[in-house]
Amino acid sequence: MTKVPLAVVGGKRAPASSTNPSTWATYRTADRSTAGAGLGFVLTAEDRLACIDLDHALVDGKLLPWAW
């Protein structure tokens, strides 16, 4: 399975890019979209955030010990 970035343009799915801000949407637009299987967030220098992506770190809603 691959994680393909999608944008919603005029209510339709379109390719998105992690490096092209013109393909990004607001959180509100992305949250309301049915395109794809979840939300993505592009980190930029302006955000002053850091993230760690831990796949399969929850079981029955509980964080696994290795993820602590």
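The values are calculated or read from the model by the stated rules, or taken from the named source; none is laboratory data. It should be emphasised that the depicted structure is a prediction, and the values quoted were computed from it without experimental measurement. Backbone-built Cβ (ideal geometry, glycine too); neighbour counts: all protein chains shown. For the accessible areas, the whole protein counts, side chains as well, though only heavy atoms, and no ligand, DNA or RNA atoms are used. Shrake-Rupley method; radii C 1.70, N 1.55, O 1.52, S 1.80 Å.
Key figures
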{"quantity": "Extreme residue, farthest from W68 (Cα to Cα), among residues of the stretch 1-21 that are touching a Leu at 6+ places or on another chain (Cβ under 9 Å) and open to solvent by less than 60 Å² (accessible area, probe 1.4 Å)", "calculated": "A14"}
{"quantity": "Subset of the stretch 22-38 that is touching a residue at least 12 places away in the same chain (Cβ under 8 Å) and surrounded by fewer than 14 Cβ atoms within 10 Å (Cβ to Cβ) - its residue that is farthest from D55 (Cα to Cα)", "calculated": "T29"}
{"quantity": "Some residue of the stretch 61-68 being loosely packed, with under 11 Cβ neighbours inside 10 Å, within 22 Å of T2 (Cα to Cα) and either more than 13 Å from the chain's Cα centre (by Cα) or of a type outside the set (D, E, K, R) (or both)", "calculated": "no"}
{"quantity": "Contacts under 8 angstrom Cβ, first residue in the stretch 40-51 being open to solvent by less than 100 Å² (accessible area, probe 1.4 Å), partner in a loop (DSSP other than H, G, I, E, B) and charged (D, E, K, R), 6 or more apart", "calculated": "G40/K3"}
